[in-house]
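What follows is a short report on a single structure.
The values are calculated or read from the model by the stated rules, or taken from the named source; none is laboratory data. The structure displayed is predicted, hence computed values, not measured ones. Glycine gets a Cβ as well: all are built from the backbone with ideal geometry, and neighbour counts include every protein chain shown. With ligands, DNA and RNA removed, areas are computed over all heavy atoms of the protein, side chains included. Shrake-Rupley method; radii C 1.70, N 1.55, O 1.52, S 1.80 Å.
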Amino acid sequence: MTDTLLRLQAFLTYVRSLSGDEKGEAQVFCDRLFQAFGHSGYKEAGATLEYRVKEKGKSTKFADLFWESRLLLEMKKRGEKLEKHYDQAFEYWLNATPKRPKYVILCNFDQFWIYDFDLQLREPVDRLTLEELPDRYTALNFLFPDHRKPQFANNQVDVTREAADKVARVYNSLVARGENAAAAQRFILQCVVTLFAEDIDLLPRGFFTELLQDCEQGASSSDLIGGLFRQMGNRKPARKDSRYKEISHFNGGIFAEVDPIPLEPDEIKLLLQAAAEKWSKVEPAIFGTLFEGSLGKTERHALGAHFTSEADIQKVVLPTIVRPWRDRIESASTLKDLLALRQDLNQFKVLDPACGSGNFLYVAYRELKRLEAQLLAKIHENFSDRTAAAIGTLSLISTKQFYGIDTNPFAVELAKVTLMLAKKLALDEEKHNLMDVTLNLELDQALPLDNLDQNIICDDALFCEWEPVDAIIGNPPYLGSRYLAKEHGYDYARKIYAQYPNVPKMADYCVYWFRRTHETLPPEGRAGLVATNTIRQNETRQASLDYVIANGGTITEAVSTQVWSGDAAVHVAIVNWIKGEALGKKKLYTQEGDDTQSPIKLEMVDVVNSTLSTRFDVFRAAALKVNQLPKVVFVGQYPFNNGFLLTPSEAKQILASNPNNQEVMFPYLIGRDLVENGIPSRWIIDFAQRDLFAVMKYKAAFERVQKLVMPEVLAKAEAEKLATGKASTRWTRMAERWWQFRDYQPGTMNAIA
């Protein structure tokens, strides 16, 4: 037996002798645990007992053990149900700054629930019992002095990646062989619902897999799969002699239109491989992003796609929705107050006006369900059985309380599917959470799934009507002002400027969501949005956070800057606010570094200002007229293509061929030339914004640009068109004026004319 196993066996023997008292024995348990993994003790390893944790507006809390950057361990008494203490552990982890631990363990002397909140939130990455420790200690490898890589048995991210990858590959195959993209998307989404359904008992277990196996043996996939989908969308039960007699009605949304696509053998094989995945372990909060990110991109499967971690989503959902409601539930003591809260909760509405595949809405819905379960549990625990029986445990929270808007039609359909599935998954969790309630009460029914066609819509949030709601959350698109016209076209840019004349044109694209959000919120309504960290600066700040504060808003909690977990390689800010006043201390987080594991500073402040900084506040700062009248600083010209540039000898030759070329050829001075020589080292061809007919008269200059610039621009346009599937892209629009600079600066040219 190795030294590790001997130490672990000694630890087991010792722990069995303990009574499991949280107060009296937790510390010695922690010390012996560290000894079992090769340390002299917790203190020698550098860990701290009774670590102070800051919490907003509450008394100081203490985590049982804190090991900087590596572990937060929270002990409970023997026999205690660990799921009841999840929220406490997550809040401790969130506030354990500056060097937030990678792992969190909830332990009751007999069980270890291990969390990696950066990876997955609600579900532990592993669970093991004290008795399993000698055989499965590798799940706690991070406890060894040399910090070995742990081996987890419940990594839902890996399962989700595999599932999303296989289904996306089926879609890519269908489109590659000529199937209509919209029909293929609808068919694949129907498959996704069905794959989930057979693993979470909405369909007979393994039913879809059996159909696929029959298809593999030569049966018609159109007949078998089409028959299943049609029955799932049919309110009328199938005949008793039908193969589909046990199939329940799902809804009239996703299965309203059924047009099954005949599958090739390789596609059936891929779907069978997908069906073999553990779909009950697939995490809907990230599935949609991984799935959508791999569609049409055969060179990048879902295995390589990025997603926004649920821990980052919770930095919006917790302060905007969960904590305010949790405080109200905890402070309510009378039955009358609790019943009033339940009614308010059932009428509470949430909107994500840039919903994508629905991950923010999914997390918010699950959290509202958990709040409802907490409220019901409090009623059952504190009032008579007769009163509790009259109230019941029937969940009244509905996905119909959640709304979304997005311009991507397929993302909208994915969001609907994500929320549909949330209904069943939340129901299963609710049953588990209320299992202590001894009354035999009936819960909500999983089927039919809700039809969300009126809740989640495909539209432009900046121009359509928004549903009146109580909370607005999300991650609006980031796009610098200089790229707005390039990405969306000049007509769209002009339309936005006309719709929002009070927003400076230099503000980031996401600013418009901040404005609409604050204008839409009712008094005391709350919002939480993600933006690039430039939201704290200049015109972008003035048009968003300054506007919120100047119009009765109070920032309640914010992240000044952090590395984002999503697909965009950016530093973001996260801002949560209320349209009204908020008492008590506010939280301001700042990540100090460029890595996801960089230290995080937490400051408790009386006011979070619009710069999201405790060092300065420029809310009331005014622009100096001397810096603007006249304006003397401009962005310089940058051609983005070396084909416009010439050496002095090349310029001399073209000018000699026709002196008229001097109208479009100029010495080109950049900063390096200014510092090194004080004179330009190159010339540039600048046709300004002349049309094609006008530039052709400058024959030698035109032919040079036609030869060196046009092929590259056209090639990039074609490549972008193939990659995105869009007829109009940034480069296709550029191809229409290939002889011009990609980013022309008329202000600069007018100033030096």
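Structure data summary
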{"item": "Gyration tensor verdict on region 496-559 (Cα atoms; rounded if a/c is under 1.5, prolate if a/b is larger than b/c, oblate otherwise)", "result": "oblate"}
{"item": "Normalised contact order of region 96-239, rounded percent, pairs of Cα under 8 Å and 6 or more residues apart", "result": "10"}
{"item": "Label-point gap, in nm, between Ser657 and Thr407 - each point 7 angstrom along Cα→Cβ", "result": "4.1"}
{"item": "Order by protection proxy (mean Cβ within 10 Å, highest first), peptides 604-613, 540-549", "result": "540-549, 604-613"}
{"item": "GluC sites (Glu not before Pro) restricted to DSSP loop in region 514-621 with at most 13 other C-beta within 10 Å", "result": "Glu524, Glu581, Glu592"}
{"item": "Nonlocal amide H pairs with Gly356, under 5 Å, H built at 1.01 Å", "result": "none"}
{"item": "Accessible carbon and sulfur surface of the chain relative to its total accessible area, %, 1.4 Å", "result": "50"}
{"item": "For region 1-135, share of DSSP beta bridges that run antiparallel, in % to the nearest 5", "result": "75"}
{"item": "Inter-probe distance in nm under a simple model that places probes 7 Å from Cα toward Cβ, at Asp21 and Ser280", "result": "4.0"}
{"item": "Inter-probe distance in nm under a simple model that places probes 7 Å from Cα toward Cβ, at Ser69 and Ser242", "result": "6.2"}
{"item": "Highest-first arrangement of 421-429, 130-138, where packing means the average Cβ count within 10 Å", "result": "421-429, 130-138"}
{"item": "Test item: Cα-centred dipole of region 627-696, Lys/Arg +1 and Asp/Glu -1 on Cβ, debye", "result": "100"}
{"item": "Among beta bridges that DSSP assigns inside the chain, antiparallel share in %, nearest 5", "result": "70"}
{"item": "FRET efficiency estimate (nearest 0.05) - Cβ-Cβ, Val605 to Glu179, R0 56 angstrom", "result": "0.50"}
{"item": "From phi via Karplus (6.51, -1.76, 1.60), per-residue ³J(HN,Hα) for region 529-546 in Hz, x at Gly/Pro", "result": "10, 9, 8, 5, 6, 6, 4, 8, 10, 6, 4, 5, 5, 4, 7, 10, 5, 4"}
{"item": "FRET efficiency, 1/(1 + (r/R0)^6) with R0 25 Å, evaluated for Gln343 and Ala550 via beta carbons", "result": "0.15"}
{"item": "Value of relative contact order over region 545-589, rounded to a whole percent, pairs C-alpha under 8 Å and six or more apart", "result": "45"}
{"item": "Over 21 Å (Cα to Cα) - which of Lys102/Lys315; Lys43/Lys585; Lys505/Lys625; Lys166/Lys315; Lys336/Lys424; Lys369/Lys586 fall in this group", "result": "Lys43/Lys585; Lys166/Lys315; Lys336/Lys424; Lys369/Lys586"}
{"item": "Residues of the chain: accessible area per residue with a 1.4 Å probe, Å²", "result": "45"}
{"item": "Within the chain: Cβ-based charge dipole about Cα centre, in debye rounded to nearest 20 (Lys, Arg +1; Asp, Glu -1)", "result": "1760"}
{"item": "Charge dipole (region 19-111, unit charges on Cβ, about Cα centre) - positive-most of Leu73, Trp93, Phe37", "result": "Trp93"}
{"item": "Lys84 accessible area, 1.4 Å probe, all protein chains in place, Å² to nearest 10", "result": "130"}
{"item": "Residue-span extension gain [Thr48 to Thr334] - 0.36 nm each, minus C-alpha spacing", "result": "98.9 nm"}
{"item": "Nearest-0.05 FRET efficiency for Glu257 and Met749, computed from C-beta distance (R0 41 Å)", "result": "0.15"}
